[in-house]
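The values are calculated or read from the model by the stated rules, or taken from the named source; none is laboratory data. What you see is a predicted model; the values in this text were computed from it and never measured. As a convention, Cβ positions derive from the backbone with ideal geometry for all residues, glycine included, and neighbour counts pool all protein chains shown. Side chains are part of the model used for accessible areas, which takes the heavy atoms of the whole protein and leaves out ligands, DNA and RNA. Shrake-Rupley method; radii C 1.70, N 1.55, O 1.52, S 1.80 Å.
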Protein chains: 2
Amino acid sequence: MSEIHRASTTAPVNIAVIKYWGKRDPKLNLPTNSSLSVTLSQADLRTHTTASCSPSYPTEDSLLLNGSPQDVSGARTQACFRELRALRKQLEDGNDTLPKLSTFPLKIVSENNFPTAAGLASSAAGFAALVRAIANLYELPSSPTDLSRIARQGSGSACRSLFGGYVGWEQGSAADGSDSTAFQVAPAEHWPNMRAIVLVVSAAKKGVSSTTGMQTTVATSSLFAARANETVPRRMQEMQKAIQDKDFETFAKVTMMDSNSFHATCLDTYPPIFYLNDVSKAAIKIVESINAAAGKTIAAYTFDAGPNAVVYYLEENEKQVAGLFKSILGEKEGWAGQRGQGVTANDEARDKVVVDAAVAVGLLEEGVSRVILTSVGEGPVKTDESLINEKGEPVSSS
Amino acid sequence: MSEIHRASTTAPVNIAVIKYWGKRDPKLNLPTNSSLSVTLSQADLRTHTTASCSPSYPTEDSLLLNGSPQDVSGARTQACFRELRALRKQLEDGNDTLPKLSTFPLKIVSENNFPTAAGLASSAAGFAALVRAIANLYELPSSPTDLSRIARQGSGSACRSLFGGYVGWEQGSAADGSDSTAFQVAPAEHWPNMRAIVLVVSAAKKGVSSTTGMQTTVATSSLFAARANETVPRRMQEMQKAIQDKDFETFAKVTMMDSNSFHATCLDTYPPIFYLNDVSKAAIKIVESINAAAGKTIAAYTFDAGPNAVVYYLEENEKQVAGLFKSILGEKEGWAGQRGQGVTANDEARDKVVVDAAVAVGLLEEGVSRVILTSVGEGPVKTDESLINEKGEPVSSS
């Protein structure tokens, strides 16, 4: 039997606080503005990927995600494979003793530890894990920055999942995308008490895909240029300073304003794109009410290209934020785990919110299907747990 | 018994196709951008106002609207009274034989022919009627343009209700507002086949008032300046040309884009302002579907500071637009009148829309409480029907 080479990693989801929306080069996934995200803990949300190659594999590269074969012929996946193989080939060309992995077919097996139905953008974790796993397999000396340049071509926001903590993506200006890479603003340890609760909202139907949506926005929104050229550059600076200073009030305000700005340009698209629905708006109202009850900004909402709310807060305000949501949504899936079990509400704050935002509370109860509690977390982690066995066959994770 | 002077007028509602949002001077209601509207037929929507004055009246000016006494001490109403009295005084100063009406207390009685519950912005028709009625009472030689300058100080958009047809409001640049007046782009006869259907959406609660809302937008939205300074000036030109050319496709596209742009700046406000709800979005989806079924743009939605949809269309497309809405909303109030009774649907178009926009059709059925069918119409009309009798007492209209 011929050699089977394997390497595995896990990679995190990230949720942007300054949104990526608009491509200046669709092929290379080069953005019209920089963006910034929080990497979420892989204990709660992660993609686990094993990359493997062997001369004995069928000649076509393959990818199995959650047990289903995926199409790898798309330009984005192909770009990642091509770039990683080229880097491996450089190593092989410089050292005759290395096995010629770059010439072997790839077999990749991937699993998410969260339900696809949650509607979380899984492509960021997916491409980050794919690129990191193949880089491990090929024993590339590439830095996370180098790999972020490759992962970006798979899915723009994937570049930010190569790092843990607080992560920026510099839009860059080079036509070939060489300077459009991710960078760490601060590691998770710098501000470790950042928490997030995801309110999963059941949408009647899938909205416009983000790739199609952002192209239409760039082409038709008359407000978009002001966002990309003026608003976001200013907020990138404000947000990096807020993170350095662990200034939650500024972090929160910029997060909420940027989410609103992004969705405003979607609404200004023609035809308009709506990702927020009445349940999303109820979540906004409740966050406003939580902050009003607290007398300061202790919670920040943000929404990606869908109706799910992500609410950031600090651990010390758990009762007033997660506890408040538990008092409304305690019957929903998601509270059973370690993070959710011990959560309790601050009664006084809850009573204020329930009065102030009664209609919104009802809408949220009706429209949220599950919650996910998580926190800021680390970047990709190498693992020995392989999703491909020694014979090259996929195995399920334990 | 002392003399009682009376004069009456009706005035129309107008619905903007380029929205007024943002004041550069809140006291004078001077806008941050020009706007443009269609004046709607007074057969369907009008305010009827009688202005009266007499030395025998109680010394306080008074206003009765739909039978309820209104506060006239507010700065806006006072500004209108003051300006109109000053103009009368000029006449009196130049002609001794004129009765000194400017010194008499005013008694004003006003009635709307549409339910307040409809949530239609009635202040435009209300202030236009108030100013026109007092101008009639005072026998002022003022032009509608002159009166628009006064009505603007009562309610910004009221200035556009001094004219019929297609009406612009030039933002002006003078600090005293002297050049911020309405003008007629084209009379109703120029393009008489313009129709509108108002879908009255029941809102869970009243949204943010437009005065508060627009001030917050100006203060906090980072996208607002681009709308006011770049987008609207361009669209004002496009819209005037579309009206001159009776080019419905351009009229419709600019109308929809401008409504979206206005609501986008509301969403970009901090905290965000939402006027559109899921029912409003369903109306947008159905208009998109009507246009798709027609293979061209035959319907245009627009939304003011609330969830109600106004859909413009041309008479020749009644079956595909009003007929379509009747097939969905035929059970609702509003179809019994002369305009609604004869409306029928185009079966083929209806079948396409019902399949293409099934979810939206359900939401609309659930969320629309009544419809109003109307058309482009005339400006204020002098009437002999008085809401105040010869003794100076309010009487109900016949």
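Do we have any residue at all in the range B:230-251 that's outside any helix (DSSP H, G or I) and of a type in the set (Asp, Glu)? The answer is yes, given that some residue of the range B:230-251 is outside any helix (DSSP H, G or I) and of a type in the set (Asp, Glu).
Select, from B:Glu318, B:Glu331, the only residue that is modelled with pLDDT of 95 or more and of a type outside the set (Phe, Trp, Tyr). Of B:Glu318, B:Glu331, the one residue that is modelled with pLDDT of 95 or more and of a type outside the set (Phe, Trp, Tyr) is B:Glu318.
Going through the range B:135-145 one residue at a time, which ones are part of a helix (DSSP H, G or I) and either open to solvent by 20 Å² or more (accessible area, probe 1.4 Å) or of a type outside the set (Gly, Ala, Ser) (or both)? Answer for the range B:135-145, where residues must be part of a helix (DSSP H, G or I) and either open to solvent by 20 Å² or more (accessible area, probe 1.4 Å) or of a type outside the set (Gly, Ala, Ser) (or both): B:Asn136, B:Leu137, B:Pro144, B:Thr145.
Please find, within the range A:262-274, the residue that is nearest to A:Val355 (Cα to Cα) out of those that are open to solvent by 20 Å² or more (accessible area, probe 1.4 Å) and aromatic (Phe, Trp, Tyr). Write out each step before concluding.
Of all residues in the range A:262-274, those open to solvent by 20 Å² or more (accessible area, probe 1.4 Å) come to A:270-271, A:274.
Still in the running and aromatic (Phe, Trp, Tyr): A:270, A:274.
Details: A:Tyr270: 38, A:Phe274: 29 Å.
For the range A:262-274, the residue satisfying everything is A:Phe274.
Summed over the range B:338-361, residues that are under 30 Å from B:Ala43 (Cα atoms) and either free of Cβ contacts under 8 Å to residues at least 40 places away in the same chain or basic (Lys, Arg) (or both) total 11. Annotation note: Cβ proximity below 6 Å between a residue of the range A:230-246 that is not assigned by TED's automatic domain parsing to the domain that holds A:Thr32 and a residue that is in a helix (DSSP H, G or I) and aliphatic (A, V, I, L, M) (sequence gap 6+ or interchain) occurs for A:Arg235/A:Val254; A:Glu238/A:Val254; A:Met239/A:Val254.
Restricting attention to the range B:257-275, the residues being under 22 Å from B:Ile298 (Cβ atoms), more than 7 Å from every other protein chain (Cβ to nearest Cβ) and either out of contact with any Lys or Arg (no Cβ under 6 Å at 6 or more places or on another chain) or among the β-branched types (Val, Ile, Thr) (or both) number 1.
Restricting to the range B:334-385, and then to whatever is acidic (Asp, Glu) and within 13 Å of B:Leu199 (Cβ to Cβ), can you tell me which residue is most open to solvent (accessible area, probe 1.4 Å)? Break it down into steps so the answer makes sense when it comes.
So the first thing to find is which residues in the range B:334-385 are acidic (Asp, Glu), and the list is B:347-348, B:351, B:356, B:365-366, B:378, B:384-385.
Adding the requirement that they be within 13 Å of B:Leu199 (Cβ to Cβ) leaves B:365-366.
Values: B:Glu365: 93, B:Glu366: 155 Å².
Residue satisfying both the conditions and the ranking: B:Glu366.
For the range B:278-289, the tally of residues that are under 21 Å from the mean Cα position of the chain (by Cα) and at the interface with chain A (Cβ under 8 Å from one of its Cβ atoms) stands at 1.
If I filter the range B:114-125 for residues that are of a type outside the set (A, V, I, L, M, F, W, C), under 19 Å from B:Cys53 (Cβ atoms) and surrounded by fewer than 19 Cβ atoms within 10 Å (Cβ to Cβ), do I get at least one hit? No: the range B:114-125 contains no residue that is of a type outside the set (A, V, I, L, M, F, W, C), under 19 Å from B:Cys53 (Cβ atoms) and surrounded by fewer than 19 Cβ atoms within 10 Å (Cβ to Cβ). Filtered by the rule that a residue be β-branched (Val, Ile, Thr) and more than 9 Å from chain B (Cβ to nearest Cβ), the range A:202-231 gives A:Val208, A:Thr211, A:Thr212, A:Thr216, A:Thr217, A:Val218. Give the residue, chosen from A:Glu139, A:Glu189, A:Glu170, that is more than 30 Å from A:Glu333 (Cβ to Cβ) and in contact with a Ser or Thr (Cβ under 6 Å, 6 or more places away or on another chain). So the residue among A:Glu139, A:Glu189, A:Glu170 that is more than 30 Å from A:Glu333 (Cβ to Cβ) and in contact with a Ser or Thr (Cβ under 6 Å, 6 or more places away or on another chain) is A:Glu170.
If you go through the range B:275-289 and keep only what is under 14 Å from A:Tyr270 (Cα atoms) and either outside the structural domain of B:Val208 (by TED's automatic domain parsing) or open to solvent by 10 Å² or more (accessible area, probe 1.4 Å) (or both), you end up with B:Lys281, B:Lys285, B:Glu288.
Reported count of residues in the range B:300-333, each being more than 15 Å from B:Leu364 (Cα to Cα) and open to solvent by 10 Å² or more (accessible area, probe 1.4 Å), is 10. When restricted to residues that are modelled with pLDDT under 95 and of a type in the set (D, E, K, R), the range B:168-209 contains 2. Any idea which of (1) more than 14 Å from chain B (Cβ to nearest Cβ); (2) under 30 Å from A:Gly340 (Cα atoms); (3) open to solvent by less than 20 Å² (accessible area, probe 1.4 Å) is the one A:His190 doesn't satisfy? Here A:His190 meets the rest and fails (3). Residues of the range B:167-178 that are open to solvent by less than 20 Å² (accessible area, probe 1.4 Å) and more than 12 Å from the chain's Cα centre (by Cα): B:Gly168, B:Trp169, B:Gly172, B:Gly177.
Taking the range A:7-27 as the range and being modelled with pLDDT of 95 or more, touching a helix residue (DSSP H, G or I) at 6+ places or on another chain (Cβ under 7 Å) and farther than 14 Å from A:Ala182 by Cβ as the test, the residues that pass are A:Ala7, A:Ser8, A:Thr9, A:Thr10, A:Val13, A:Val17, A:Lys19, A:Trp21, A:Gly22, A:Lys23. Scanning the range B:290-336 for residues that are touching a Phe, Trp or Tyr at 6+ places or on another chain (Cβ under 9 Å) and within 14 Å of chain A (Cβ to nearest Cβ) returns B:Ile290, B:Thr297, B:Ala299, B:Ala300, B:Tyr301, B:Thr302, B:Phe303, B:Pro307, B:Ala309. Keeping to the range A:232-256, report how many residues are of a type in the set (Gly, Ala, Ser) and within 14 Å of chain B (Cβ to nearest Cβ). The qualifying residues number 1.
Residue count for the range B:4-31 satisfying the condition of being part of a strand (DSSP E or B) and either buried (at least 24 other Cβ atoms within 10 Å of the Cβ) or under 19 Å from the mean Cα position of the chain (by Cα) (or both): 13. Only residues that are crowded, with 24+ Cβ neighbours inside 10 Å, farther than 22 Å from A:Asn308 by Cβ and of a type outside the set (Gly, Ala, Ser) were counted across the range A:32-53, and they come to 3. Selection over the range A:349-391 of residues that are among the hydrophobic types (A, V, I, L, M, F, W, C) and under 30 Å from A:Ser2 (Cα atoms) gives a count of 3. Scanning the range B:146-159 for residues that are in contact with a strand residue (DSSP E or B) (Cβ under 8 Å, 6 or more places away or on another chain) and open to solvent by 10 Å² or more (accessible area, probe 1.4 Å) gives a single hit, B:Ser157.
Quick grid of which residues meet (1) of a type in the set (Gly, Ala, Ser); (2) closer than 30 Å to A:Met256 by Cα:
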residue: A:Ala43; (1), (2): yes, yes
residue: A:Ala86; (1), (2): yes, no
residue: A:Asp93; (1), (2): no, no
residue: A:Phe104; (1), (2): no, no
residue: A:Ile108; (1), (2): no, no
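Exactly one residue out of A:Ser148, A:Ser178, A:Ser157 is free of Cβ contacts under 8 Å to residues at least 40 places away in the same chain and either over 23 Å from A:Gln90 (Cα atoms) or outside any helix (DSSP H, G or I) (or both): that is A:Ser178. Considering only the range B:88-99, I want to know if a residue exists there that is within 27 Å of B:Ser396 (Cα to Cα) and open to solvent by 10 Å² or more (accessible area, probe 1.4 Å). No, that holds for no residue.
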